[in-house]
1. Go through A:94, A:89 for me and flag whichever is among the hydrophobic types (A, V, I, L, M, F, W, C), outside any loop (DSSP other than H, G, I, E, B) and buried (at least 22 other Cβ atoms within 10 Å of the Cβ).
2. Over 18 Å from the mean Cα position of the chain (by Cα), in a loop (DSSP other than H, G, I, E, B) and surrounded by 18 or more Cβ atoms within 10 Å (Cβ to Cβ), is that true of residue A:3?
3. From (1) in contact (Cβ under 8 Å) with a residue 40 or more places away in the chain; (2) within 13 Å of chain B (Cβ to nearest Cβ), pick out the condition that doesn't hold for residue A:6.
4. Before we move on, is residue A:60 within 14 Å of chain B (Cβ to nearest Cβ) and touching a helix residue (DSSP H, G or I) at 6+ places or on another chain (Cβ under 9 Å)?
5. How many residues are free of Cβ contacts under 8 Å to residues at least 24 places away in the same chain and either facing another protein chain (nearest Cβ under 7 Å) or closer than 23 Å to residue A:99 by Cβ (or both) when one looks only at segment A:20-37?
6. Would you check if residue B:150 is farther than 19 Å from residue B:295 by Cβ and buried (at least 22 other Cβ atoms within 10 Å of the Cβ)?
7. Can you confirm whether segment B:300-309 contains a residue that is of a type in the set (Phe, Trp, Tyr) and surrounded by fewer than 20 Cβ atoms within 10 Å (Cβ to Cβ)?
8. In segment A:20-50, which residues are outside any helix (DSSP H, G or I) and out of contact with any strand residue (DSSP E or B) (no Cβ under 9 Å at 6 or more places or on another chain)?
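The values are calculated or read from the model by the stated rules, or taken from the named source; none is laboratory data. Computed from a predicted model, the values in this text were never measured in an experiment. Positions of Cβ are backbone-derived with ideal geometry, glycine not excepted, and every protein chain shown enters the neighbour counts.
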Amino acid sequence: MTGWKLKPARDLGLPPAERLRSHGREAGLVGTLLQGSWRRLVRLYMAAMHRLTVSGRENLPAPPFVIVANHASHLDALAVGAALRGPAARRAHALAAGDTFFTSHAMAAFAAYAINALPVWRRRTRPKDLVTLRARLEEDGLVFILFPEGTRSRDGSMAAFQPGLGAFVAGSAVPVVPCWLEGAHEAWPPQRRWPRPGRLHLHIGPPLTFADTPQDREGWTQVAQRCEAAVRALAPPPAS
Amino acid sequence: MSGWDIAFGHPVTRGLVAATLGILALAAAVIGALSATGRATPAFRRELWLRLGSWAVLLPLIMGPILLGREWVIGAVTLLGLACLREYDRATGLFREYALVAVVVLGVVLVNFAALDHWYGFFVALWPLTVTVIAIASIPLDRPSGYIQRTGLAIFGYMLFGAGLAHLGYMANEPGYRPLLLLLVLAVGLNDVAAFTSGKLIGGPKLLPATSPNKTISGALGALVCTTTVVAFVAGMIFEGTPMDSTWKLVLLGALVSIGGQAGDLMLSSIKRDIGIKDMGVLLPGHGGILDRFNSLLLVAPAAFHLIGYFNGWGLSAPTRLMTGGAG
């Protein structure tokens, strides 16, 4: 037997409001039960309202990994999360825009306890935050759900990927799984207040790794470009 | 008899409540005087007000349930146990072991239910039973690495916040529990204050510098003398005419409260030092977490319970197995 390893919660000692927004937030028994119930509800909703189907599930590695997908609606993170099973589903964290999901306390509590989202602050993410997130991904064996376009597409077509994604995976063994979600723009475009029924299909592609990619600006750009190409390759050919 | 007469029927109850209010008022006056004369630095004054403010919220929360009745006491002890458990499991990392935390939570709830039901057999049986379930709970994970650590942490947590703390609630099964419970919760507070004050006044060598750098031997002895005297004196009035009513038993009870209280404090210091953290939480301004405030009660509750139980018994005249029925 080796010495005991006491590992306090990463968010220990934070006041409640800060804890909700902390990148070190770790759920206990109650949080896990709430998240589990929410996941079941979302799966039911996805099955009933959107007939969500998934292809390529065999491409999913064991955690940790990063999922990147096209971003057309608020349904995206829910649909991708609903496609995961087992430990990957429990450890999945959607990286969500802090200015949308973490401004009010009530919204932050919902984002933290239901969706298990971690905040990303557009244009003011500090290097320290990226280091924390990368460390958590590797050490805690998490799954990050990321939409590297940075915002929802207004017309359903995919924009270029932002390089920030590279910070998590360049020079690391953690794989990136490209996904294409079909039907989300039709079901809930940004212009609509509420979603409408409509089929969703998630294509999961084979994972990419960036162990040899340099951890610098250029490396990040390479990561973003390769991931973008892999996601685009999964998109069904336009109907002509 | 009116509710007021039930709550405040015993003269010791009235005396303790009055003394508490008096001390709070006195403390406010002293801090006010310090502020007015500018004798203390603003930071120190702020700290003092913060602590007093926390006490002004905490004391009604602690004393209220005791005055209100048996069910309230047991309910409050259950919530206190769960709150302490939460701080403990997040600080030690046990919170990542959901199955074990669930078993400990269940154990805490059940042992308090046994107290509420006034079913001593079940109350006692839950200690070995819960430990058994804790020992088994993480085996199906097929993850032997870290087994002793997580099982040990869970058993320790159940012992402190379940089996141990629940003795406080069980005491409420004694019809005349109010003055005694008030005395116990106030005495552990007094014990802390006495240790702090006599340590500051007398000074001298440190008690256990690696564990708790601010505690002195003079503080520990001062608290022992002060708390033992006060507890023995007040308990003498509570236990008049019962088998506990003898000087050496009362002094033993007082010493047990003082030593148990200080040991609980040092135990939490050891836990925090081992983990490498300063406070267990942030809930109580000026105190830290719930455990930082209630650590002293954890070891006192079972020790005082069994000393008094040995001579006087607990709730022998009260009906048993109120909810489960059965033979008792």
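1. Just one listed residue meets the conditions, A:94.
2. Criteria not met by residue A:3.
3. The single condition residue A:6 does not satisfy is (1).
4. no
5. Final tally of qualifying residues: 3.
6. yes
7. Initially, segment B:300-309 is screened for residues of a type in the set (Phe, Trp, Tyr), giving B:305.
With the extra rule that they be surrounded by fewer than 20 Cβ atoms within 10 Å (Cβ to Cβ), the set shrinks to B:305.
Yes, there is a match, as at least one residue in segment B:300-309 is of a type in the set (Phe, Trp, Tyr) and surrounded by fewer than 20 Cβ atoms within 10 Å (Cβ to Cβ).
8. Residues satisfying the conditions are A:24, A:26, A:27, A:28.
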